[in-house]
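*Asks:* Supplied in structure tokens, the structure appears directly below.
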Ligand SMILES: NC(=O)c1ccc[n+]([C@@H]2O[C@H](COP(=O)([O-])OP(=O)(O)OC[C@H]3O[C@@H](n4cnc5c(N)ncnc54)[C@H](OP(=O)(O)O)[C@@H]3O)[C@@H](O)[C@H]2O)c1
């Protein structure tokens, strides 16, 4: 069965997936790289990286994924839609290697890049976007890539089958928060927790049968 999955989604203890303000110079605002330091230290990220618990989780990001859906604020800093030359953060060969659907009010022609990356810019409800992405993914799964707003909207709509969160032991106090409006969201999921020696805690929410 085709599933809708979130992977490596990193939040602070108080539930923020990015700090503020988001900008070209500070994509994660005052959080800097602290939310993703655990991942940058893995072999998933670089050949010199570590091969422990964090790497085992990180690797699942790409396994069996045929399309990604992301929010406008993941694709670029505020104002990117006014720059016709903005092509995302990731260089000419982004790390997705599938069709990517960018949810935005600012639609533009699709952008084909190296490595099988094709970005489509669509204004659609979560359910509509997911139907489109599922079709593009064939028999593979669809990843919801973030940020917090998009993951929250897909959770609220009951569209997520598997959510991998990484809780990083920092308190950000402000930014883009995941949990708002999701009271009792854990109902309907089997929740498992793994503590990593690195200090982060991996949580998986898997939709109950
Ligand atoms: N911690 C992590 O693991 C992680 C993962 C991914 C990203 N991030 C970070 O999270 C931040 C972005 O998160 P965010 O919550 O601010 O924003 P986001 O979820 O990336 O994007 C939200 C924006 O997408 C557009 N959008 C969302 N749903 C839409 C729909 N149904 N139709 C049309 N447009 C829609 C709207 O932008 P417009 O109205 O402007 O078009 C909305 O403001 C960035 O800093 C990013 O780097 C963190």
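None of the figures in this text is laboratory data; all of them are computed from the coordinates on show. This one's a predicted model, so the numbers in the text were calculated from it and none came from an experiment. Neighbour counts run over all protein chains shown; Cβ positions are idealised from the backbone, glycine included.
*Asks:* Given the -39500 (n - 2.57) contribution per DSSP H run of 4+ residues, what per-residue ellipticity at 222 nm results for the chain, rounded to the nearest 500 deg cm²/dmol?
*Replies:* That calculation yields -4500 deg cm²/dmol at 222 nm.
*Asks:* Further, regarding this structure: For residue 33 paired with residue 157, estimate the spin-label separation in nm (one decimal), with each label point 7 Å from Cα along the Cα-to-Cβ line.
*Replies:* Each label point lies 7 Å from its Cα, and together they span 3.4 nm.
*Asks:* Roughly how many whole Å is it from the C-alpha centroid of segment 149-209 to that of segment 1-37?
*Replies:* 12
*Asks:* Separation between the residue 23 and residue 87 pseudo-spin-labels, each 7 Å from Cα along Cα→Cβ, expressed in nm?
*Replies:* It is 2.6 nm.
*Asks:* Tell me, what is the FRET efficiency for residue 105 and residue 208 to the nearest 0.05, using R0 = 41 angstrom and their Cβ-Cβ distance as r?
*Replies:* 0.75
*Asks:* Something else: Mind checking the log10 I(q)/I(0) for segment 42-87 at q = 0.34 Å⁻¹? Debye, one equal scatterer per Cα, no solvent, two decimals.
*Replies:* Normalising to I(0) and taking log10 leaves -1.12.
*Asks:* Under 10 Å, Cα contacts only: if you run a Gaussian network model on the chain, which one of 70, 39, 113 comes out with the highest mean-square fluctuation?
*Replies:* Comparing 70, 39, 113 in the GNM, the peak value goes to 113.
*Asks:* Next question, about the same structure. Based solely on C-alpha atoms, express the radius of gyration and the Dmax of the chain in angstrom.
*Replies:* Expressed in Å, the Cα Rg and Dmax of the chain come to 16.3, 45.
*Asks:* When averaged across all projection directions, what area in nm² does the alpha-carbon convex hull of segment 125-191 cover?
*Replies:* The directionally averaged projection comes out at 5.5 nm².
*Asks:* Once you keep just the Cα pairs under 8 angstrom separated by 6 or more residues, what percentage relative contact order results for the chain?
*Replies:* This gives 30 percent for the chain.
*Asks:* Three principal axis extents, largest first, for the C-alpha atoms of segment 1-74, in Å?
*Replies:* 37, 31, 24
*Asks:* Moving to a separate point now. Need the full-extension length gain, residue 180 to residue 135, defined as separation in residues times 0.36 nm minus the C-alpha distance. One decimal, nm.
*Replies:* 13.2 nm
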